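First the structure, then my questions, so here it is.
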Amino acid sequence: MKISDAAAASGCHLETIRYYERVGLMPRPARTASGYRAYSPTDVDRLHFISRGRNLGFSLEEIRSLLRLDDDPSMSCSDVDAIARSHLSDIQCRVTELQRMAAELERVIAQCAGGERGTCTILGALKQSGGERSGCSGPGACA
């Protein structure tokens with residue numbers, strides 16, 4: 001099938017498929033006699049895999065690792081589990097950080113009296129240096 005067919009079947013944009021080929025997530029497809037890219041159902045399955053991984057927030061490098069594990073039948077599921085657990089920890093850390101940011105923003109907004117710009121508590125909070133910031137520095141950092 002042509003790239004437009006693979007795009008329709010996988011839900012990926014044409015340029016996204018080309019990008020995945022350039023970065024090595026997708027193998028270079030065979031070419032037809034007229035020079036068109038020729039994709040197989042296996043290629044579409046791989047595109048689905050990549051898209052689903054992206055939807056779950058995996059980085060391209062994490063997806064690359066998962067694809068290597070998927071392509072190698074001798075690899076252990078524990079390797080996949082380790083990547084997934086690390087990614088889940090990162091997501092949980094980001095959720096914790098987003099909750100902290102939301103609480104701080106709610107606090108600053110609640111203090112806003114809607115007065116003059118010079119006394120705006122929201123702008124004042126943004127100008128403060130050394131404010132509270134938990135930050136996440138690695139897997140399990142926010143646990």
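Derivation of every value follows stated rules applied to the coordinates shown; laboratory data play no part. Worth saying up front: this structure is predicted, and the values here are computed from it rather than measured. Cβ: placed from backbone, ideal geometry, glycine included. Neighbour counts: every protein chain shown.
Kindly provide the set of residues from segment 70-115 that are basic (K, R) and under 30 Å from L25 (Cα atoms), ordered by number.
Passing the criteria: R85, R94.
Also: Which condition breaks for C93 when tested against (1) under 15 Å from the mean Cα position of the chain (by Cα); (2) under 28 Å from G11 (Cα atoms); (3) surrounded by 13 or more Cβ atoms within 10 Å (Cβ to Cβ)?
So C93 meets the others, but not (2).
What pairs come up if the first residue lies in segment 68-90 and is free of Cβ contacts under 8 Å to residues at least 24 places away in the same chain, the second is assigned to a loop (DSSP other than H, G, I, E, B), and their beta carbons are under 6 Å apart, counting only those six or more places apart or on different chains?
Listed pairs, sorted by first residue: L69/M75.
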